[in-house]
1. So which pairs qualify, if the first residue must be in region 83-98 and free of Cβ contacts under 8 Å to residues at least 60 places away in the same chain, the second must be in a helix (DSSP H, G or I) and of a type in the set (Gly, Ala, Ser), the Cβ gap must be under 6 Å, and the two must be at least 6 apart or on different chains?
2. Kindly check whether there is at least one residue in region 138-155 that is under 18 Å from residue 9 (Cα atoms), assigned to a loop (DSSP other than H, G, I, E, B), of a type outside the set (S, T, N, Q) and in contact (Cβ under 8 Å) with a residue 40 or more places away in the chain.
3. Output the residues belonging to region 99-111 that are buried (at least 20 other Cβ atoms within 10 Å of the Cβ) and either among the small types (Gly, Ala, Ser) or not in a strand (DSSP E or B) (or both).
4. Just name the residue that is farthest from residue 14 (Cα to Cα) out of those in region 123-135 that are buried (at least 18 other Cβ atoms within 10 Å of the Cβ) and of a type in the set (A, V, I, L, M, F, W, C).
5. Of the residues that make up region 140-161, is at least one closer than 18 Å to residue 4 by Cβ, surrounded by 15 or more Cβ atoms within 10 Å (Cβ to Cβ) and among the small types (Gly, Ala, Ser)?
6. Looking only at region 54-65, count how many residues are farther than 13 Å from residue 102 by Cβ and surrounded by 14 or more Cβ atoms within 10 Å (Cβ to Cβ).
7. Out of the residues in region 1-53 that are of a type in the set (D, E, K, R) and touching a residue at least 40 places away in the same chain (Cβ under 8 Å), which is surrounded by the fewest Cβ atoms within 10 Å (Cβ to Cβ)?
8. State all residues of region 119-128 that are over 19 Å from residue 59 (Cα atoms) and either of a type outside the set (A, V, I, L, M, F, W, C) or under 11 Å from the mean Cα position of the chain (by Cα) (or both); if no residue qualifies, say none.
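What follows is calculated from the coordinates using simple rules that are stated; it is not laboratory data. Keep in mind that what you see is a predicted model, and the values were worked out from it rather than measured. Glycine also receives a Cβ, built like all others from the backbone with ideal geometry; neighbour counts cover every protein chain displayed.
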Amino acid sequence: MITFVWAEDQKGQIGLNGHLPWQLPGDMKHFKELTIGHPIVMGRKTFTSLPRLLPQRLHIVLTKDEQLIAQYAANKQVVMVNSLTELNNWLTAHQQEQISVIGGNSVFSALKDRVDCLERTVIDATFAGDTVMTAIDYQQFNLVKRVSHVPNQQDKYPYAFLTYLRKEVQK
């Protein structure tokens, strides 16, 4: 099952200068809970924006950057794929696994017809941003869970976790 995992503000913005425009520890905890123990798929920019390799997750990175490919060639925690065809082949070979796509926008866009589940965090605020989440046809999905959070000492903004399943995936 392919799951998109992302957070967005009220304008659908997901990034600024290659990073999240906000700090929301509750969302980071949620992200970890959703992705730990599962492969995570991302593009080069998302991969290089990570502070380090995320523990207990296989990193699948779509890139043509030969230096980056060489740098991680011997690392068993990273699989580099250099085309959408190669990525789709990898996804098909691992279709029985829970796979999380974590960005960037071009990867979300390329896989939006294959995604089965959406794990969307909506922050009830607006931030400066330069990247908006790719358009998703929510008519193809059912909202199956919503968990709202109010601001607290760690999380300055109200936000909600929304889980959607593709209609034909539900039994």
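1. Close Cβ pairs (under 6 Å, with a partner that is in a helix (DSSP H, G or I) and of a type in the set (Gly, Ala, Ser)) amount to 84/110.
2. Yes - at least one qualifying residue is present in region 138-155.
3. Within region 99-111, the first condition is being buried (at least 20 other Cβ atoms within 10 Å of the Cβ), and the residues that meet it are 99-104, 107-108, 111.
Of everything in region 99-111, those that are buried (at least 20 other Cβ atoms within 10 Å of the Cβ) and either among the small types (Gly, Ala, Ser) or not in a strand (DSSP E or B) (or both) turn out to be 100, 103, 104, 107, 108, 111.
4. So the first thing to find is which residues in region 123-135 are buried (at least 18 other Cβ atoms within 10 Å of the Cβ), and the list is 123, 129, 131, 133-134.
Okay, now just the ones that are also of a type in the set (A, V, I, L, M, F, W, C), so 123, 133.
On the way: 123: 10, 133: 6 Å.
Restricting to residues being buried (at least 18 other Cβ atoms within 10 Å of the Cβ) and of a type in the set (A, V, I, L, M, F, W, C), the top hit is 123.
5. no
6. Residues in region 54-65 being farther than 13 Å from residue 102 by Cβ and surrounded by 14 or more Cβ atoms within 10 Å (Cβ to Cβ): 2 in total.
7. Taking region 1-53 first, the residues of a type in the set (D, E, K, R) are 8-9, 11, 27, 29, 32-33, 44-45, 52.
Next, from what is left, pick out any that are touching a residue at least 40 places away in the same chain (Cβ under 8 Å): 8-9, 11, 27, 45.
On the way: 8: 19, 9: 23, 11: 12, 27: 20, 45: 16.
Only one residue fits best here, namely 11.
8. Matches in region 119-128: 120, 121, 124, 126.
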